[in-house]
Amino acid sequence: MDPQDVAVPNPESPTLKVVSALAGPNRTLDRSLADSLAWRAAANWSSQIVSWASFLIVVRLLSPADYGVAAMAIILWPYLRFLGEFGISQTVVTLRDLTDDQIAQLNSIAVILGFACFGLSALLAKPLALFFRTPALARLVIVACTGLVVLGFRAVPEGLLAKEMRFRRLAGLEALLDVVSAVATLLMAYWKMGYWALVLGNLVGYTVRSTLVVISRPHRYALPELRTMRKPLTFGWHVLVSAVAWSAYERLDNATAGRVLGQAALGFYGLAWSLANVPLEKLTTLVTTILPSYLAAVQTDPPALRRYLRTLTEALSLATFPTTIGLALVARELVPLALGQKWEPMVTSLEILAVYTTFRSIVALLPKVLTAIGNPRFVMWNDLRALVILPCAFYIGSYRGIAGIATGWVVAYPLVAWPLYRKTFQSIGMQVGEYLRALRPATDGIVVMTLGVLLLKRVIAPSHLPLLARLLFEILTGVVLYTGTLLILHRSRIYVFLQAARTARQVRK
């Protein structure tokens, strides 16, 4: 963005210079990224109205044990899903020199793997049921994993849509998935289908979305030939192993809770995990889903990569830090009020997991940068190290119940994140001080917000106030303190984002 593109009085002002740096020289690409994020955000949050309304009803219709059994049923799902996709979507996005014939071969490989992984799920269903001592689990696993076949047909079409940056279409399909899943789950829960409602609701949503993705961007098939597919398959292998390892250590806390502590404990822990990760899924995932296409477009431009990492880290921290820390601060009032008294045993775990997701929300950008610049191998080995470190922390923590498992994340995850930071900063020339300055506004805001809400809880807030009133007082206090801190200490930074968004909108018009 050139200085004359911004309507401010002083062209030498620090704020204007930051606005120019924020937008950078790739103005068309930047505007496309902003537009894609806006569409994705609008679609996600509009669909969440339906999803959350459904969730608040479903959680009262089903028991913690229902959630526990459903969590057991999908433990295999992420591993088999990643194995079936074999990193093919990411390969299509990142490798810019793939021929049409190579893409057609990848399409055939994805479909073959989809069927193969469904067959593998059928073989593993009975042993999994025996492991969890839940006989009904076998059928549930097989039904849940039928979606792997549909996902096999989706891998290449979705990769092509992302490579072509058709994120409006993808955002609409993602919103449709959320709405269809929510409505289907609600209806089945109302019909007293128990844990089947949770599994079948998601399956219906995935099937509808995958079908529409294939219709939106069909591609032909071709017989795979190893001699022409060595490079794409090697890249996909690194992405696959990384994804499986990542999914494994993100699920092994649930496996530990279910195996060591039982179905009810897993139900409490699983719901705490889901709630704590809402900001991560709806804000960070919003960015990381779209970002690889743009990083791949500037993969040989370190200044552009630094700018994207710095700017998106600051934006994500401003949005996720108050949400995650705020959730931890109000959890003791929110859980019994929104979910009912029966869910109170999950409160401590929710508080701890919310602290973990605060850090995780910004670390999630780093593997995307490394993969985009052609270093998925490092990400793979780091995720494999995490697969050793984190399960040990979960098992040790389980002696303290579900809160101990949650604490395992907070204690062990920094050991996983540190190598990612070191490698990313070395690869793109990022300075530590530059990165920390991007985090400064959000950090200042949550420190003031936390101190204020804790003071309200311990000193000011009368204990005789109804639960709803206490919750509203705490939320209002947090919002005022956080926004007030940003406006007083970091007004120029807030102006930067508002002005950049306004300029991009004007140029689009």
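The figures follow:
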item: Proxy reagent accessibility, fewest Cβ within 10 Å first, across ILE74, ILE57, ILE215; result: ILE215, ILE57, ILE74
item: The chain: radius of gyration and largest Cα-Cα distance (Dmax), Å; result: 23.1, 74
item: Lys pairs, the range 3-508 - Cα-Cα below 22 angstrom, 8 or more residues apart or on other chains; result: 7
item: Computed [θ] at 222 nm, helices only, for the chain once each DSSP H run of length n ≥ 4 contributes -39500 (n - 2.57); result: -27500 deg cm²/dmol
item: Inverse mean reciprocal Cα-Cα distance (Kirkwood Rh) of the range 334-378, Å; result: 13.0
item: Å³ per residue enclosed by the Cα convex hull of the range 108-176; result: 99
item: Loop-resident sites, the range 211-271, for trypsin sites (Lys or Arg not before Pro), counting at most 13 other Cβ within 10 Å (DSSP); result: ARG220
item: Percent RCO, i.e. relative contact order, over the range 3-508, from Cα pairs under 8 Å lying at least 6 residues apart; result: 19
item: Between the range 254-285 and the range 348-394, the Cα center-to-center distance that results, in Å; result: 16
item: Residues VAL453, VAL241 arranged by fewest to most Cβ contacts within 10 Å; result: VAL241, VAL453
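Every read-out reported here was derived from the displayed coordinates using simple, explicitly stated rules and does not represent laboratory data. These figures come from a predicted structure and were not determined experimentally. Don't worry about glycine lacking a Cβ; one is built from the backbone with ideal geometry, like all the others, and counts go over all protein chains shown.
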